[in-house]
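Here, each number is a calculation from the coordinates, and none is a lab measurement. Predicted model only: the values in this text are computed from it and were never measured. Here the Cβ positions follow ideal geometry from the backbone for every residue, glycine too, while neighbour counts run over all protein chains shown.
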Amino acid sequence: MSKEILITGGHVVTLDDTLGDGLGDALGDVPGGDVRVRDCVITQIGVGLRPGPDTEVVDARGRLVVPGLIDTHRHVWQGAIAGFTPQMTGYGYGPAVLTGISLDHTAADIYAGTLWGAMQALDAGITTIGDWAHALQSADHADANLRGLRESGIRGLFFYGGPGPADDDPNPPHPLDARRMRDEHFPGSGSGSGSGSGNSGTGNSATGTGRLRMGMALRGPCFTSPERNRQDFAFARELGLPISIHVGMAGTADAVTALRRDGLLGPDVNYIHANQLTDEEMDLIAASGGTVTITPSTDMLMQFGTYPATGRALERDIVSGLGVDTVCSAGTDLFSEMRLALAAERSRANAESLARNDLVHEVALHQRDMLRLATLGGAQVLGLADETGSLTPGKQADITIVDLRSPHLDGFGDPVAMLVLGAGPADVETVLVGGEFAKRDGTLVGTHAAKARDLMHETQDRLRAAIR
Ligand SMILES: [Zn+2]
């Protein structure tokens, strides 16, 4: 028997763009609106919708109902080591984390860290994530990472990273185990356009199976030789998997130029950070159809650059999304990233206008532009816009409900502005992924939520003993 949920009376912000005309929302906002969910899909959005006899009603009066948020870049395995390197730049983070505590993670720790890391995201209203899994010392670690992600119930892409830092070869090829992973766990992958097609498993949403797809987290030209980079790109494209690389942070010049030289640019490449790229390199990404992931916290806190790539990406119409990147040095939510992205972009614009003694009354970007990056933009980056990223009938029911009744959110103006200005994970009351509750009345729910905290603490105890 099918299951129906009716979310009633909320301020519904659909981000719906089904007209596809680029002129804005098709459904727009629906104040006092209702969202009907049947099984895993949104079936209707309107006002005064009637529940059936077996419908589960979720009262959303005084709440904002938005599409589930989308984090396009996070190292989810780090869930158990949040806050580990708060003062470190990228140069300290490498030895402390990537060739440090990463190596102390057993496969069981990777499972625990990833499960908890996904819970951190779900708790903050993030229903889809790009998991850049780069602590894969072995095939067991890879399987453990995927299992944690899958059991959390979150949607997203598992970007297979590596190679394991314990490898003797200082410049080894991307792990060939990625082929095994694709064939075993993502049997449909690679058969389509190479943009993340192919579902994981059987579509049984009870354990999150069916919500994950696979990609390749490559080192890219900044972190390997040109020859090895060409081989890695060829491997990813042979497997038909989308590619994600870190580029354009401080100290890593010319990455996109190198890709052009080697004929490797393409719409299947996602560029993380990108803040130090030249204008010509940003133009190359735009012309090739690549996507950008903006990571404000780590860009600014970890000396990856000065201003995040927000404005320079948007003014070129590059498909862009936001990313938390590492919870070792950043928070766990996208509200902070939206605030920081907007503040940094305004600061960049302010610096230019103040230098001309040009005082303006209003700035170009709105908080709604940031929400778009954190929802529909992110879905486009991950190749998932057909199934998530907006509240559109026919799409998966990935929905985040934020309580606006607290003093810091009960405002006079646009509720989306209030959300971006002041919300945090604790304001997220209810989260649905594919029509299933991941958080309800402020508490994480689901099959694995209860054990995730205990497993995370066990891993923390073990890691403390290992690094003592
Ligand atoms: Zn990263």
Based solely on its DSSP helices, what 222 nm [θ] is calculated for the chain when runs of n ≥ 4 H residues each add -39,500 (n - 2.57) and the sum is averaged over all residues, nearest 500 deg cm²/dmol?
-9000 deg cm²/dmol
In sequence order, calculated HN-Hα J values of the stretch 463-468 (Karplus, 6.51, -1.76, 1.60; Hz; x Gly/Pro)
5, 4, 5, 5, 9, 5
For the stretch 312-396, alpha-carbon Rg relative to the globular expectation (2.2 N^0.38 Å, N residues)
1.28
Please report, largest first and rounded to whole Å, the three semi-axes of the ellipsoid equivalent to the stretch 313-468, where each semi-axis is the square root of five times an eigenvalue of the C-alpha gyration tensor.
32, 22, 18
Step through the residues of the stretch 362-367 one at a time and calculate ³J(HN,Hα) from phi using the Karplus curve (6.51 cos²θ - 1.76 cosθ + 1.60, θ = phi - 60°), rounding each to whole Hz and writing x for Gly and Pro.
8, 9, 6, 7, 10, 4
Karplus-derived 3J(HN,Hα), 6.51/-1.76/1.60, for each residue of the stretch 399-416, Hz, glycine and proline x
9, 10, 10, 10, 6, 9, 8, 7, x, 7, 10, 7, x, 9, x, 4, x, 5
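Between Thr89 and Asp410, take the C-beta separation as r, use R0 = 51 Å, and let me know the FRET efficiency to the nearest 0.05. Please report the intermediate quantities before stating the final value.
Numbers: r = 39 Å, r/R0 = 0.76.
Efficiency, rounded to the nearest 0.05: 0.85.
Could you tell me how many cubic angstrom of Cα convex hull volume the stretch 279-318 has per residue?
Working: hull volume 2.4 nm³, N = 40.
Hull volume normalised by residue count: 61 Å³.
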Given H placed on each backbone N at 1.01 Å, which residues far from Asp17 in sequence or on other chains put an amide H within less than 5 Å of it?
Ala26
Once you list every other residue whose beta carbon is under 11 Å from the beta carbon of Ile126, what net charge do they have if Lys and Arg are +1 and Asp and Glu are -1?
-2
What's the extension gain from Ala349 to His366 if we count 0.36 nm per residue and subtract their Cα-Cα distance?
4.8 nm
Put in order of increasing Cβ neighbours within 10 Å, starting from the fewest, His73, His11, His448, His366 give His366, His448, His11, His73
Chain lengthening between Glu184 and Val57 when straightened (0.36 nm per residue, less Cα-Cα)
41.8 nm
DSSP bridge orientation in the chain - percent antiparallel, rounded to nearest 5
45 percent
Where a Cα-Cα gap under 17 Å defines reach, which lysines qualify for Lys395, not counting those fewer than 8 residues away within the same chain?
Lys3
Select from Tyr307, Leu136, Val431 the residue farthest towards the positive end of the dipole of the chain; place +1 on Cβ of Lys and Arg, -1 on Cβ of Asp and Glu, and compute about the Cα centre.
Leu136
For the stretch 69-381, what are Rg and Dmax over the alpha carbons, in angstrom?
18.4, 61
Please quote Rg/Rh for the stretch 241-341 to two decimal places, taking the Kirkwood radius as Rh and restricting both calculations to Cα atoms.
0.95
Using a simple spin-label model with points 7 Å from Cα along the Cα→Cβ vector, what separation in nm is obtained for Thr447 and Gln44?
3.1 nm
